[in-house]
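**Q** My structure is below; once you've seen it, I'll send some questions.
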């Protein structure tokens, strides 16, 4: 019995020991699991910080490089067409355009496109800056794209042979016409680009050309139709003495001759045109269209009938184009539009863009150097593989 009693005590102690050991093992296992979990969490946190750092670095550097490369390409177009004045260069102009983008709600690349348009008409680098500033105001005031307004203004300036100051005066006239008629500034510019050459040849002023352009638009004609109709009218005034017997008979019904109309047109084109249109308007309605067909042909007779029927609109346009109240109209329109929240946001973006360009420009020489090196290496390999038959297959197998 004693032996069995001892055996029971030993078993009880052993059971307690096993239970205790199991508890220790469970504790160790729990601690190990906790350590593994903490390690995994720490690793995940490190990865997140590393990823965030890469995003920040990649975002700033990548954005900067992208903007710098894009701006460099835009300025390459400027360099190609602008004759730089003494003491000036592309680096200074690039810096000035970036500064302009911080005060004008137009991107630096758009400003570069406008500058290039100025260079294409032969402006020196200093005048290109003035041209860019003026055209940018027109872009904002007239709600046009940088490319369209730059190209159109450059062509109109070149065709009319006027100074930048005269171009600004024309901008005032166009804006005043747009504010006081059913024509939009960009439509007037479109028509003027099509008709300025013929109008100038006869002797019409820039304001008179703008007024006639605005009138046709206000009377319901699109820019293309208005342009061809106006050129037809200018052509009649310039060649009235040599249009054939049918046309001469039509002029006779107006109480004039073709030779008289031509001479009057070159003496005082606006006065001659006013007289011509007034005499047509006084004809009997049954006779009027026939006279217009004999003078302008069937293609443009209806367009001229529209103008004759809208002489009050035309007179008002002439008044608005030459009104002294127009002075500063372009600047006022620009100031109003530039003060909007939308343009304030554009200025903010431009400020960040300028910073990105300046940061990214630091890396451009290194990128160009590395790119040139890689290109040289690839070209060398291509050359060698072309000389050694079968080498392409060997290299392909090694790479695979």
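**Q** Spin-label point model (7 Å from Cα, Cβ direction): what's the residue 256 to residue 341 distance in nm?
**A** The answer from the label model is 5.5 nm.
**Q** Arranged by the count of other C-beta atoms within 10 angstrom, fewest first, what order do 75, 167 take?
**A** Working: 75 23, 167 20.
Fewest-to-most Cβ neighbours within 10 Å comes out as 167, 75.
**Q** Is the C-alpha gyration tensor of region 162-327 telling us rounded, prolate or oblate? Criteria: a/c under 1.5 is rounded; beyond that, a/b larger than b/c is prolate, otherwise oblate. Present the calculation step by step, with values, prior to reporting the outcome.
**A** On the way: a/c = 2.01, a/b = 1.64, b/c = 1.22.
Cα axes put region 162-327 in the prolate bin.
**Q** Given a Förster distance of 35 Å, report the FRET efficiency between residue 225 and residue 130 from their Cβ-Cβ distance, rounded to the nearest 0.05. Spell out each step's value before the answer.
**A** Numbers: r = 35 Å, r/R0 = 0.99.
The pair residue 225/residue 130 has a calculated efficiency of 0.50.
**Q** Using r as the Cβ-Cβ distance of residue 166 and residue 351, and R0 as 35 Å, what FRET efficiency do you calculate, to the nearest 0.05? Walk me through the intermediate numbers first.
**A** On the way: r = 34 Å, r/R0 = 0.96.
Computed FRET efficiency for residue 166 and residue 351 comes out at 0.55.
**Q** Please list, in order, the residues from region 330-362 whose amide nitrogen is less than 20 Å from a point placed 7 Å along the Cα→Cβ vector of residue 91.
**A** So the set is 354-362.
**Q** Kindly put 174, 345 in sequence by how many other C-beta atoms sit within 10 Å of each C-beta, fewest to most. Please list the in-between numbers first.
**A** Details: 174 32, 345 11.
If I rank by nearby Cβ atoms, fewest first, I get 345, 174.
**Q** To continue, here is another question. What FRET efficiency would be calculated for the residue pair residue 281, residue 103, taking the C-beta separation as r and a Förster radius of 35 Å, to the nearest 0.05? Intermediate results must be reported in sequence, preceding the final value.
**A** Numbers: r = 50 Å, r/R0 = 1.42.
With R0 = 35 Å, the Cβ-Cβ based efficiency is 0.10.
**Q** Here is a follow-up. How many nm separate the modelled label positions at residue 235 and residue 332, each set 7 Å beyond the Cα in the direction of the Cβ?
**A** Going from the residue 235 label point to the residue 332 one covers 4.0 nm.
**Q** Could you put 312, 294 in order, starting from the residue whose Cβ has the fewest other Cβ atoms within 10 Å? Walk me through the numbers before you get to the answer.
**A** Working: 312 9, 294 19.
Least crowded to most crowded, the residues run 312, 294.
FYI, it's all coordinate maths here, none of it is from the lab. For clarity, every value in this text was computed on a predicted model and none was experimentally measured. Glycine gets a Cβ as well: all are built from the backbone with ideal geometry, and neighbour counts include every protein chain shown.
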